[in-house]
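The values are calculated or read from the model by the stated rules, or taken from the named source; none is laboratory data. None of these values were measured; they are calculated from a predicted model. For neighbour counting, all protein chains shown are included, and Cβ atoms are generated from backbone atoms with ideal geometry for every residue, glycine included. The accessibility values were calculated without ligands, DNA or RNA, using every heavy atom of the protein model including side chains. Shrake-Rupley method; radii C 1.70, N 1.55, O 1.52, S 1.80 Å.
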Amino acid sequence: MPTFPAVDPIPLPAPIWLFKLLHIVTLSLHFVAVQMLIGGLLVAIVLSLFRGSPSASVAARALARRLTVVMTFVINMGVPPLLFSQVLYGRALYASSVLIGIYWISIVLILMLLYRMLYRFTELLNEGRTAWPAGLLAWLLAGCVARLFSTNMTLMLRPEVWQQMYSASAMGRFLPPPDPTLTPRWLLMIAGGMFISGLWLIYLSARKTFTSEEQKYLAGLGGKLAAGFGVVYLAAGFWASGVQPAVVKDGLAHDALYHFAGLAGYGWLALVAVAIVFGLAAVFSRLAKGAMATTAILLAVLIEILFVVYRDGVRDLTLLSKGFNVWDRAVATNWSVVGIFLVLFVAAIGVIGWLVSVVARAKKPMEGAA
Ligand code: HEM
């Protein structure tokens, strides 16, 4: 049985369930933002190729102008779950991060270049110039960051390869030996990106800053994307869970929460989403646009929460099969600090909601002519 580093002797200052809850909530928001970035950018790149279509050009610019803002949410909503997972899984996560140290630290540089490329893509689109090379470079960089995250999140579950990797390089110069779960897991996020960006377009189609023709174009395209990639997302989810070890699959099938979140909840919701999105797009003119936009946002968040719960199950069951029980920790709750934290947490979520609403109500429209 592989061994994990010794547990920190200092007890946890809050209940484990609370850390887990906060982790799931914040990681779900990170994933919504990540998928808006990955999917929205790819859609904007493809749309930018149709320069003869005014609606496609408007849609490309509308997405691109928002992506630089989305990127700030990707990063800021990534920090809290990183802190919570370090508290809960530090013994595994620190080890795996060190073992791919050079790649892991390079994420900071890749992010800076990605940010620059996003701005360049938007500038070129605004000037009516060829923008796809800059956009594609940004997308490849984002895909690379996603791949590195998937690499680390799967390596932390494989203590059996750590010794061999450390002997090969203590500097973290090498990537881990092949893992059958890595690619399906990464592709799941990419497919999810296309699905979520479809929902995003549906949300955007309700905005008054677009002409009614542009609104129809956005709703139609969003509906098709969400419907098509909803199915791909679901298939990728089944693939990613199908390649898990038998003990993990067994655990997922017999735990009521994971079973609901995975096969029942996630699958069912994705199918309902496809049906609703198709239906809504088809009867667009007869439905309240606001209701459609709200449905799109709620579906996006709900599906990501179920996905994160299921993914959490994969991690906990894999680690448990290797002797790491995340619930087996000494806890000495400091309720006054927990209380202050929760007040600040709720206030911060409120401030973020306010920031989003300010952007949404901005007088200078984020779309339209260059
Ligand atoms: C372009 C930027 C980014 C992309 C595309 C991205 C993408 C991803 C992906 C694909 C995963 C899931 C990996 C898997 O489980 O297979 C992930 C997980 C995660 N990301 Fe990001 N990410 C980005 C930036 C960040 C940043 C800047 C942070 C933090 C500072 C962050 C924090 C996290 C955390 C904490 C997790 C997983 C935590 C856990 O499982 O406990 N991400 N990200």
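Between Met112 and Ala332, 0.36 nm times their residue separation minus their Cα-Cα distance comes to what?
Numbers: separation 220, 0.36 × 220 = 79.20 nm, distance 3.95 nm.
Full-extension gain reported as 75.2 nm.
Give me the aspartates and glutamates in straight-line cross-link reach of Lys249: C-alpha distance below 18 Å, same-chain residues under 8 apart excluded.
Correct list for Lys249: Asp179, Asp312, Asp316.
Return, ordered by residue number, the residues of the range 296-326 whose backbone nitrogen is under 12 Å from a label point located 7 Å along Cα→Cβ of Asp250.
321
What percent does the relative contact order of the range 88-152 come to when contacts are Cα pairs within less than 8 Å and at least six residues apart? Let's see the in-between values first.
Working: 39 pairs, mean separation 25.3, N = 65.
That works out to 39 percent.
Return the loop-located chymotrypsin sites (Phe, Trp or Tyr not before Pro) in the range 142-244 (DSSP other than H, G, I, E, B) with at most 16 other Cβ atoms within 10 Å of their own Cβ; answer none if there are none. Could you put the intermediate results ahead of the total?
Numbers: sites: Phe149, Trp162, Tyr166, Phe174, Trp186, Phe195, Trp200, Tyr203, Phe210, Tyr217, Phe229, Tyr233, Phe238, Trp239; in loops: Phe174, Phe210.
Answer by residue number: Phe174.
Leaving out same-chain residues fewer than 8 places away, which aspartates and glutamates sit with a Cα under 14 Å from that of Lys322?
Glu160
Work out Dmax and Rg for the range 16-330 from the C-alpha atoms and quote the Rg first, both in angstrom.
Answer for the range 16-330, Rg first and Dmax second: 20.2, 65 Å.
Write down the accessible area per residue of the range 16-330 in Å², having rolled a 1.4 Å probe over the full set of protein chains. Let's see the in-between values first.
On the way: 13250 Å² over 315 residues.
About 42 Å² of surface per residue is accessible.
Along the Cα-to-C-beta direction of Val356, a point sits 7 Å from the Cα; which residues of the range 4-44 have their amide N less than 14 Å from that point?
In the range 4-44, the label zone of Val356 (backbone N under 14 Å from the point 7 Å along Cα→Cβ) covers 25-37.
Using a 1.4 Å probe on the protein heavy atoms, what percent of the accessible area of the range 16-330 belongs to carbon and sulfur?
On the way: 9560 of 13250 Å².
Result for the range 16-330: 72 percent of the exposed heavy-atom area is carbon or sulfur.
In whole percent, what relative contact order does the range 16-330 give with Cα contacts below 8 Å and a gap of six or more residues?
Computed over the range 16-330, the figure is 21 percent.
From the Cα gyration tensor of the range 49-160, with a ≥ b ≥ c the square roots of its eigenvalues, which class applies: rounded if a/c is under 1.5, or else prolate if a/b is larger than b/c, or else oblate?
Working: a/c = 3.20, a/b = 2.59, b/c = 1.24.
Judged from the Cα gyration tensor, the range 49-160 comes out prolate (a/c at least 1.5, a/b above b/c).
What is the angle, in °, between the Cα long axis of helix 101-126 and the longest principal axis of the Cα atoms in the chain? Nearest 10 is fine, range 0 to 90.
The answer is roughly 0 degrees.
Where Rh is the Kirkwood radius over the Cα pairs of the range 17-104, the temperature 25 °C and the viscosity 0.890 mPa s, what D in µm²/s does Stokes-Einstein return?
For the chosen part, D equals 163 µm²/s.
Count neighbours as other Cβ atoms within 10 Å of each site's Cβ, and list the trypsin sites (Lys or Arg not before Pro) in the range 88-191 that are DSSP loop with at most 16 such neighbours.
On the way: sites: Arg91, Arg116, Arg120, Arg129, Arg147, Arg173, Arg185; in loops: Arg129, Arg173.
Here the sparse-neighbourhood loop sites are Arg129, Arg173.
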